[in-house]
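The values are calculated or read from the model by the stated rules, or taken from the named source; none is laboratory data. Since the model is a prediction, treat every value here as computed from it, not as a measurement. Every residue, glycine as well, gets a Cβ built from its backbone with ideal geometry; the counts of neighbours run over all protein chains shown. Calculation scope for accessible area: heavy atoms of the full protein, side chains included, ligands and nucleic acids excluded. Shrake-Rupley method; radii C 1.70, N 1.55, O 1.52, S 1.80 Å.
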Amino acid sequence: MSEKVWIAGGGVICGIGLNLRECLQSFRTMQPGMTTMQYLSSVHRNTFPVAEVKADNDALADMARMPENISRTALLSLIAAREAWQSSGLQDISAYRVGFVSGNTVGGMDKTEDFFTQFLPDTARGGRLQQVVHHECGSVTELVADALGVRHHVSTISTACSSGANALMYGARLIRNNIVDVVIAGGTDALTRFTLNGFNTLMILDQAACRPFDNTRTGLNLGEGAGYVVLVSDSLAAQLHPWCRLSGFANANDAYHQTASSPDGTGNYLAMKGALDMSGLQPQQIGYINLHGTGTQNNDVSEGIAINRLFAPHFPAMSSTKSFTGHTLGASGGIEAVFSALSVKEGIIYPNARFEHQMKELPFAPATAYSEHNDIHHVMSNSFGFGGNCSSLVFSGY
């Protein structure tokens, strides 16, 4: 068994950049990605800001070198996964035992939603079936795995907003048990009318740019994108220059409600505590937390109470990068894993945009400025999903 699992590289595409370099520049210049909808067709176009990837499907298809009629979810996935592989220092993918573990929640729904408008007026013609054939979540993963040339192991994780983080956990286990040597792990999701309307029904969408962990917060902004890291075994890491280690992870469930976190943050606490225990660290050794931080009333209080319980009185720097990217659902754990791994590598603390008012329930506040070269050796990343599916990852330096 491989005792350690390393992060050899990472790739991101989201509402603040078409690659990781562009994302970092958006953080540096305080340019969040929330705008009026440009690419998603919705009656709510002028009601809710979203953090869309700033490219239409034709442009994404060119970047991914895939047909335009492929789901936007798959196009985003392939672009980020390729960037992750290229950044890793690994060469020919066929030279390794490689797995691809990808989380998503909407599958090819962006195409499915448009199918019936063409099908119902003339059902005899059958419609364009290529719009529905890749509807389910696993089909998106398989499309991307085929394009990457991954043959040894392919899995899909769909656990709501913790999908991307759970993909890393599963990938790490594959490596530790010598099933593969490399795993491209993370998540992807495109914006769809289904998710937009669903979150609107829950009444947790903010009609302005979201304000995670601010006392005036009123909800989240949806986003889209993909983020992947390349996990490698000890033996491969010795031949590379890895960013950091995935030193700890845990999943817990507070079994409280289908869409709400427990008021006392039980699942959140158990996930963070479990990840720390696996890593062998004490709370005061964590230098930065990438918060789940959606901006809803319930989530931020629940996560904050759990952090206070675990870390008080010594709180690390922390922030919600969703204040820039929006909530990218199944992709969020993957995107934030890349940001967190890079935080260890470069000593980065990301800003929490639009924070102005201290939450009355909490004794700490998020960071509001971007900074690099901080003395950070360990970073925690939180991903807490619907159904109480709570996951935390810990990334550590050499």
| query | Scaled to the compact-protein estimate 2.2 N^0.38 Å, what is the alpha-carbon radius of gyration of the stretch 51-181, rounded to two decimal places? | reply | 1.16
| query | Taking the Cα centre of each part, how many Å lie between the stretch 280-297 and the stretch 1-38? | reply | 18
| task | Starting at the first residue of the stretch 321-335, write each ³J(HN,Hα) from the Karplus equation 6.51 cos²θ - 1.76 cosθ + 1.60 with θ = phi - 60°, in whole Hz, x for Gly and Pro. | result | 6, 5, 5, 10, 8, x, 8, 8, 6, x, 7, 4, x, x, 4
| note | The summed charge of the residue 196 Cβ neighbourhood (under 15 Å; Lys/Arg +1, Asp/Glu -1) stands at -4
| task | Determine ³J(HN,Hα), in whole Hz, for all residues of the stretch 350-359 in sequence, where each value follows from phi through the Karplus function 6.51 cos²θ - 1.76 cosθ + 1.60 and θ = phi - 60°; x replaces Gly and Pro. | result | 8, x, 9, 5, 6, 6, 9, 10, 4, 5
| task | Towards the positive end of the charge dipole of the chain, with charges on Cβ (+1 Lys, Arg; -1 Asp, Glu), say which of 153, 337, 242 has the farthest Cα. | result | 242
| request: Return the carbon/sulfur percentage of the accessible area of the stretch 1-116, one whole number, probe 1.4 Å, all protein chains in place. | output: 49
| message | Can you give me the accessible area per residue for the stretch 5-396, using a 1.4 Å probe, in Å²? | response | 36
| remark: Loop-resident trypsin sites (Lys or Arg not before Pro) in the stretch 106-147 with no more than 16 other Cβ atoms inside 10 Å, DSSP not H/G/I/E/B, are 128
| task | Add +1 for every Lys or Arg and -1 for every Asp or Glu among the other residues with Cβ under 14 Å from the Cβ of residue 309, and state the total. | result | -3
| note | Expressed as a whole-number percentage, the relative contact order of the chain with C-alpha contacts under 8 angstrom and at least six residues apart is 23
| request: Just name one of 133, 100, 396: the one whose Cα is farthest towards the positive end of the charge dipole of the chain (beta-carbon charges, Lys/Arg +1, Asp/Glu -1). | output: 396
| note | Once amide hydrogens are built 1.01 Å from N within the peptide plane, the residues lying 5 or more places from residue 262 or on another chain with amide H under 5 Å from its amide H are 267
| query | Contour minus end-to-end for residue 298 and residue 207, with contour as 0.36 nm per residue of separation and end-to-end as the Cα-Cα distance? | reply | 31.0 nm
| What ranking do 285-296, 267-278, 62-73 get when scored by the average of other Cβ atoms within 10 Å per residue, highest first? | 285-296, 267-278, 62-73
| request: Based on alpha-carbon positions alone, could you give the equivalent ellipsoid semi-axes of the stretch 239-389 from the gyration tensor, as √(5λ), descending, whole Å? | output: 22, 18, 15
| note | If amide H atoms are modeled at 1.01 Å from N in the peptide plane, then the residues at a separation of 5 or more from residue 103, or on another chain, having amide H under 5 Å from its own are 157, 186, 187, 188
| note | With 0.36 nm assigned to each residue of separation and the Cα-Cα distance removed, residue 151 to residue 173 gains 6.1 nm
| Which ³J(HN,Hα) values in Hz, rounded to whole numbers, follow from the phi angles of the stretch 371-383 under the Karplus curve 6.51 cos²θ - 1.76 cosθ + 1.60, where θ = phi - 60° and Gly and Pro get x? | 8, 10, 6, 6, 7, 10, 10, 9, 10, 10, 10, 9, 9
| message | How charged is the neighbourhood of residue 11? Take every other residue with its Cβ under 12 Å from the Cβ of residue 11, and add Lys/Arg as +1 and Asp/Glu as -1. | response | 0
| field | the stretch 5-396: mean projected area of Cα convex hull, nm² | value | 17.9
| task | Would you list which aspartates and glutamates come within 18 Å of residue 345, measuring only between C-alpha atoms, while excluding same-chain residues fewer than 8 positions from it? | result | 22, 83, 234, 336, 372, 375
| query | What residues have an amide H closer than 5 Å to that of residue 222, excluding those fewer than 5 places away on the same chain, when H is modeled at 1.01 Å from N in the peptide plane? | reply | 51, 327
